[in-house]
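One structure is given here, and the rest of the page talks about it.
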Amino acid sequence: MPFRKQSRLPVGFVVLAFLVLAAACSGKRPPALATATPGEGGSAADEARARASAQPLEEGPDVRAVEGEGASGSDIPGSGLYPGEGGPLADIRFDYDSAALSDEARATLERHALWLQGQRDVRVTIEGHCDERGTVEYNLALGEQRARATREYLASLGIAAERLRVVSYGKERPLEPGSDDAAHAKNRRAHFNVSR
Amino acid sequence: MALLAAVTTLAAAPAVRPPAARQEPPPLDEIVIGGLTRPRFAVPECVPRRQDDASQAACRTLTQVLRADLRFEDLFQFVPDSLLNAIPPLNPQAPRFDDWKGIGAKILVATQAEVANAELQVEVRVYLVDTGQPMLQKRYSGRPENPRSFAHQASDDILTLTQYKGVARTRIVFVSDRDATKQRPSKELYIVDYDGFNPRRVTVNSSLNILPAWRPDGAALVYVSYRQGSPMLYLAKIFEGQSVANLSGEKGDSQAFSPSFSPDGKSLAFVSNRAGSTDVWIAGADGASPRRLTTTQAKDTAPCFSPTGDEIAFTSDRTGTPQLWLMDNQGLNVRRLTVASGNYNDGCAWNPAKQYSEIAYTARLEAGGFDIAVIDFATRQVRQITQGRGSCEYASWAPNGRHLVFSCERNKRWEITIADREGRFFQTLATGPGNNAQPDWGP
C-alpha cells in the first residue's frame, strides 16, 4: 500500500476535528471541503469509469430455455461491472479471514469520509472482496462482513448510511488473478464504486 | 421426458423358449443383488436393424453410452470385450444362451436400433442367461438427435432391477466463466448430463450468476445473480426460459445468497443480511413468509436440508472458525457437528438417501487447500474423499446418494469432478472450456 505513513495521524485528526466542528454547527458543511484530496489520486477518467460501472444492467433476458421451444435469450449489451481498483476512493485491505479494520484502513476511510463530505451527491457501493483461499460460501459472508464494517466506520464518521450500499463479491471477482501472497493481499479488500 | 416420444414395454416376449408355467416376474432385487451378487453382465454391441449410416451411428453411441452408464454405479461386473468377440455375434431375437453362458455371462443386455422416418427406435432386452428368461424388455422411440438419452433411459430402466435408482438421466448445473470477456467477467449457469455431455447454457445476462441449486422437480433452479447490482436470489424456470427476480424479497441494500430447496420443494433456505448480519432464513418456495433461523452476529451461512426436511445443517463461525452446525427447521436445537476435522469447514451437503446418514462438506484438512470430506452421524467419523487433487470444494450428492460431485482447482483451472461415496473412483467431467465450479446434482 502506497500510503504515506506520516500523513496518517494528521489526516485522522483533521477528520475528527472536522466532525466535531460539523456537529457543532449542526448541518451545512463548508463547500471548501469539496476540494479535499481523495484517498488515492483518481483521474476524471477513473471517476467516469467508476460511475459508469455502477450503473445497473439494462433490462433484458435473464435465462434461456434449455430444451424445447421456449423463449431464447441473447447477451445483454452494455457496460461491464468490473470492480477494478480505480475510482476516486482507494481500496482498503484486510488481514486473512478478518473483517477488522486496520489502522491503515481507518486512516484511508477517514480521508474517504472527508472527500464524501464534500461530494454530497455521491453515493457509494462498498464491495467486500476476499482472496481465493476460502470456500465460495463462507467468503461471501466474509465479504459481506468486510463491506459492512467499512460502511459502519464511514457512517461513524458522519456519512449518511443511505449513501452507502454494501455488496459482497466473496472470491468471485478477484482483482489479481495470481495465487501468491501479494495477489491475495490485493484481493482481500473493500472497493468503492462511486455514483451520483 | 420430451425427447422420448414413447417408451413402451414390449407386449409379449418373443418366444425365446416356451415360457415357464405362468408365473409372476421374479423378485428382481433378489436376482441381481440377492441371488447374484455383482452379477456379470454381457453388453454386446447394439445390432442395427437397418444398414444405413444413421442407424449404425446411433447403435455405436448406444453401445458406448449404455456400457458407461451401467458401469457407473459399480454394482455389476462385465464380460470383457475380448470374450464378447470370441463367440458368434448376438442374434438379438433369439440369443444362443449357451454361448453367453460359455463366456461367463449371467445377464445379457441385447440392444437393437434403427433410424427410420426421422425417428430413432431402440429395443432393449435383458435376459437372465442361465434360464434364458427375459427380465426386462423395452422399446424406446423419439427424435434421433441425441441417442445418448435413449441409452440413459435404458440404463435407468435396467437399474430398476436393483434396489438402487439410476442417475443416468440426471443433470448437473454448474457455474462457468467460459463466456466471460475482459470487459464483462461474467459467470453463467450451465447444465450438463451427469456424464458431462450435452452442455446447455441457462443464464444469458452477462452478470455474475453463482450458487445454483435445483428445485427438486428438476424444472427450475434457484441461484444468486448480481444482475441488479447486488446478490439476490433468482428462480430460473429452465424449460420456459423465464426467471423470477429477488425471490427472497430483499429490500434496500440487503442481499441474499446460498439458496437451497427442501427435499419436498416446499421450503427455501437461504442467507440474508437483512437483519444486520448474515443469517440463515427459511421461507416458502416462492419466498413468502420468511423466518429468521439464526440470530448471532457471527457469519451464519450455507444451509442444507436433511432428507426429511426437518433438520438444517449450516456453517457458522460463532466459535471463532467456520464449522458445521445443526438445527431443526425452526431454528431450535442448535448444536455443533464438526469438531475434529480441522479449523475450516463449510458447504454442507446432506446425503439424500436415508440409508446413508452422513453429510459431505468442504474441509481444510491440510494447510492451504481444501478437500471434500464426509462425516457419519452415527460414529462422527470423518472420511476424506479427495486427497492430492488440488483444492476441492462445493460437494453435492447424486439423487441416490451413491456419488458426489464437486469442483477442484488443478493447474489453475477449476473442473467438475465426480467421486463415488467412498472416494475410490474419480472422474473429471469434460464439461467444456473455462473454469467450471459450484456444481449441484439435480434430479
Checklist outcome for this item: extent check for chain B: Cα max minus min per principal axis, descending, whole Å, gives 74, 48, 44
Checklist entry - For the range B:438-443, in order, what is each residue's ³J(HN,Hα) by Karplus, 6.51 cos²θ - 1.76 cosθ + 1.60 with θ = phi - 60°, in whole Hz (x at glycine and Pro)? => result 6, x, 10, 8, x, x
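With a cap of 13 neighbouring Cβ atoms within 10 Å, and only residues DSSP puts in a loop, list the trypsin sites (Lys or Arg not before Pro) found in the range B:217-300.
On the way: sites: B:Arg227, B:Lys237, B:Lys251, B:Lys266, B:Arg274, B:Arg291, B:Arg292, B:Lys299; in loops: B:Arg227, B:Lys251, B:Lys266, B:Arg274, B:Lys299.
When the trypsin sites (Lys or Arg not before Pro) of the range B:217-300 are filtered for loop state and at most 13 Cβ neighbours within 10 Å, B:Lys251, B:Lys266 remain.
Give me the inter-chain shielding for B:130-143: mean count of other chain Cβ atoms within 10 Å, whole number please.
Working: counts 0, 0, 0, 0, 0, 0, 0, 0, 0, 0, 0, 0, 0, 0.
That average works out to 0.
Equivalent ellipsoid semi-axes for the range A:114-178, as square roots of 5 times the alpha carbon gyration tensor eigenvalues: give them largest first, rounded to whole Å.
26, 12, 8
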Checklist entry - Counting partner chain Cβ atoms within 10 Å of every residue's Cβ in B:236-249, what's the average? => result 4
Checklist entry - Other chains' Cβ within 10 Å of A:140-150 residues: what's the mean? => result 6
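Got a sec? How would B:Ser186, B:Ser277 order by Cβ neighbour count within 10 Å, fewest to most? Don't skip to the answer; put the middle values down first.
On the way: B:Ser186 24, B:Ser277 18.
Least crowded to most crowded, the residues run B:Ser277, B:Ser186.
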Next on the checklist: Can you compute 3J(HN,Hα) from phi for each residue in the range B:284-297, using the Karplus curve 6.51 cos²θ - 1.76 cosθ + 1.60 with θ = phi - 60°, rounded to whole Hz and x for Gly and Pro?
Outcome noted: x, 4, 9, x, 6, 6, x, 10, 7, 9, 10, 10, 7, 7
Item to check | chain B - mean residue ellipticity at 222 nm from DSSP helices (-39,500 (n - 2.57) per run, n ≥ 4, rounded to 500) | outcome: -3000 deg cm²/dmol
Next on the checklist: Calculate log10 I(q)/I(0) of the range B:326-395 for q = 0.14, 0.16, 0.18, 0.22 Å⁻¹, where I(q) comes from the Debye formula with a single equal point scatterer on each Cα and nothing for solvent.
Outcome noted: -0.43, -0.55, -0.69, -0.97
Next on the checklist: Show me, for the range B:371-378, the HN-Hα J-couplings you get by feeding each phi into the Karplus relation (A = 6.51, B = -1.76, C = 1.60, θ = phi - 60°), rounded to Hz, glycine and proline as x.
Outcome noted: 9, 8, 10, 10, 10, 8, 5, 5
Checklist entry - Using modelled backbone amide H atoms (1.01 Å from N, in-plane), which distant-in-sequence or interchain residues come within less than 5 Å of B:Arg410's amide H? => result B:Glu415
Checklist entry - What percent does the relative contact order of chain B come to when contacts are Cα pairs within less than 8 Å and at least six residues apart? => result 10 percent
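A short reminder: the numbers here are calculations on the coordinates, not readings from a lab. All of these numbers come straight from a predicted model, not from anything done at the bench. With ideal geometry, Cβ positions are generated from the backbone for all residues, glycine too; neighbour counts draw on all protein chains shown.
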